[in-house]
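The values are calculated or read from the model by the stated rules, or taken from the named source; none is laboratory data. A quick note: this is a predicted structure, and the numbers were derived from the prediction, not measured. Virtual Cβ from ideal backbone geometry, glycine too; neighbours counted across all protein chains shown.
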Amino acid sequence: MSSIALSDSPAARGAARRLIPSSTAAVTSIAHVIIPHGFGGAEKHVMELAEFQADDHQVMVILGPGEDGGVGARHLAESLDPRVSVVWLPARMRTAALFWKLLALCPDIVHAHLNTAARRVLRCRPGCPRVVTLHNGFRAGLHDRFDGIIRIADYQARMMPAAARDRSVTVHNWVLPQRGALTRAEARLALGLPQGAPVIGGMGRLELGKGFDVLMDAYARLLAHRPDARLVLFGQGAEMAALREQAAQLALGDRVVFAGFRPDVRRYLSALDLGVVASRHEPFGLTLLEYADAGVTLVATRTGGPLEILGFDYPFLCPPEDAAAMAETLLAALDGRTPAQPVDLTRFRPEVQMAKVGALYAQLAGAQAPVAI
């Protein structure tokens, strides 16, 4: 089983937050700007980042409806700490509306998340330092125009020109310890899963890039060796209908559970034996940290984020878009003949990462605190 060393004590979280004001004395107010196209890792990141910062800063999240009709934006707004102000953008004329809102709010830092918001922030010229987080990778002509750039993984630095790299810092995603998790038996009962079956899980937005179709094919191949295995998918998205059709064509019946989007999904991860990241391309892989926090054995594709989190020698890695190889990896992970290496995720503690965000803000705002890279 994978393991994670994170403290769940109030003192630890308090220490994490106290790291912020000492390095951001010149920063009073922060505006995060995001146009969600669902609710996933980037949206969770903004929610938790804003909560940490709200202890010592005026924090606002400016958001508007994305391609999902506003479902992700509404869920993010409902999940934010009450101390965080929510500022809504209209569905149309969003750049003009953002300009006037930033002019009225006068934040010390504007922090953009995801490319739609990044483009609008650049057009506004808010008159204060602009920061962008590379949730989905670096784009020349867009991200290199920001004053500060936050990489979510070290490998992203190789994709950046030297001038942009000099203005950047790696701030890994983090995972907060889960409270109120269900027992294995409770989670399986709630999901309608057999108590004694090996259970494989995938979670995230049901999009083509996340490779759930490859996972489905790999699972069907696995059944030749482990006919009692079950697959549960947490999430919703544009590929839902296609995945249901794929399951029907493969005659998987009720052995695949479509659990849908669950805001408290981490409570149910105790039901799993394996947690899979099947992405065709994965910039980071927050789900890996969440699986590890639940003590679930990890299986992932050899893409950027998983390689950085798990290391090149992790035994349960497979090529992306290769269902046969993934099926073999799933079988090896279930058999237990190759023990899963403990995954040391202490470097992904929130207090470590928050200190780096604060140092970057301080540098951009004119303070003397160095950027911690």
Flag if residue 370 is modelled with pLDDT under 90, more than 24 Å from residue 283 (Cα to Cα), surrounded by fewer than 17 Cβ atoms within 10 Å (Cβ to Cβ) and not assigned by TED's automatic domain parsing to the domain that holds residue 211: yes
Without any contact (Cβ under 8 Å) to a residue 40 or more places away in the chain, farther than 21 Å from residue 353 by Cβ and not assigned by TED's automatic domain parsing to the domain that holds residue 204, is that true of residue 54? no
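Yes or no: residue 292 of a type outside the set (Phe, Trp, Tyr), modelled with pLDDT under 95 and touching a strand residue (DSSP E or B) at 6+ places or on another chain (Cβ under 9 Å)? Can you show your working first?
Details: of a type outside the set (Phe, Trp, Tyr): yes; modelled with pLDDT under 95: yes; touching a strand residue (DSSP E or B) at 6+ places or on another chain (Cβ under 9 Å): yes.
Answer is yes for this residue.
Residue check: is residue 217 under 26 Å from residue 282 (Cβ atoms), at pLDDT 95 or above and of a type in the set (Asp, Glu)?
Details: under 26 Å from residue 282 (Cβ atoms): yes; at pLDDT 95 or above: yes; of a type in the set (Asp, Glu): yes.
Yes; evaluated as a whole, the condition is true for this residue.
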Could you count how many residues in segment 85-129 are in contact with a Cys (Cβ under 9 Å, 6 or more places away or on another chain) and under 20 Å from residue 150 (Cα atoms)? 7
Take the conditions assigned to a helix (DSSP H, G or I), farther than 23 Å from residue 27 by Cβ and not acidic (Asp, Glu) and apply them to residue 165. Does it pass? yes
Which residues, counting only those in segment 96-152, are closer than 25 Å to residue 174 by Cα, among the basic types (Lys, Arg), over 17 Å from the mean Cα position of the chain (by Cα) and crowded, with 20+ Cβ neighbours inside 10 Å? 130
Any idea how many residues of segment 168-181 are buried (at least 18 other Cβ atoms within 10 Å of the Cβ) and outside any strand (DSSP E or B)? 7
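Per-residue answers, yes or no, for (1) more than 22 Å from the chain's Cα centre (by Cα); (2) small (Gly, Ala, Ser); (3) assigned to a helix (DSSP H, G or I); (4) modelled with pLDDT of 95 or more:
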{"site": "321", "(1), (2), (3), (4)": "no, no, no, yes"}
{"site": "328", "(1), (2), (3), (4)": "yes, no, yes, yes"}
{"site": "332", "(1), (2), (3), (4)": "yes, yes, yes, yes"}
{"site": "337", "(1), (2), (3), (4)": "yes, no, no, no"}
{"site": "342", "(1), (2), (3), (4)": "no, no, no, no"}
Kindly establish whether residue 196 is in the same structural domain as residue 283 (by TED's automatic domain parsing), under 25 Å from residue 332 (Cβ atoms) and touching a Pro at 6+ places or on another chain (Cβ under 7 Å). no
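Every residue in segment 307-319 that is part of a loop (DSSP other than H, G, I, E, B) and closer than 21 Å to residue 216 by Cβ, please. Steps first, answer last, please.
Filtering segment 307-319 for residues part of a loop (DSSP other than H, G, I, E, B) gives 311-316, 319.
316, 319, listed by residue number.
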Condition first: touching a Phe, Trp or Tyr at 6+ places or on another chain (Cβ under 8 Å) and among the aromatic types (Phe, Trp, Tyr). Can you find one or more residues in segment 351-369 that meet it? no
For segment 301-319, pairs from a residue that is farther than 21 Å from residue 134 by Cβ to a residue that is basic (Lys, Arg), with Cβ under 6 Å and 6 or more apart or across chains, are 317/302; 319/302
Of the residues in segment 102-115, those that are farther than 14 Å from residue 29 by Cα, not small (Gly, Ala, Ser) and not in a loop (DSSP other than H, G, I, E, B) come to 113, 115
I need the full set of residues from segment 188-216 which are within 27 Å of residue 304 (Cβ to Cβ) and surrounded by fewer than 20 Cβ atoms within 10 Å (Cβ to Cβ), in order please. 207, 208, 209, 213
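Quick check on this structure: which one of 242, 247, 259 is over 24 Å from residue 335 (Cα atoms) and surrounded by fewer than 19 Cβ atoms within 10 Å (Cβ to Cβ)? Write out each step before concluding.
Details: 247 fails: surrounded by fewer than 19 Cβ atoms within 10 Å (Cβ to Cβ); 259 fails: surrounded by fewer than 19 Cβ atoms within 10 Å (Cβ to Cβ).
None of the others qualify; the one that does is 242.
Filter segment 253-306 down to residues that are part of a helix (DSSP H, G or I) and of a type in the set (Lys, Arg) and give me whichever is farthest from the chain's Cα centre (by Cα).
255
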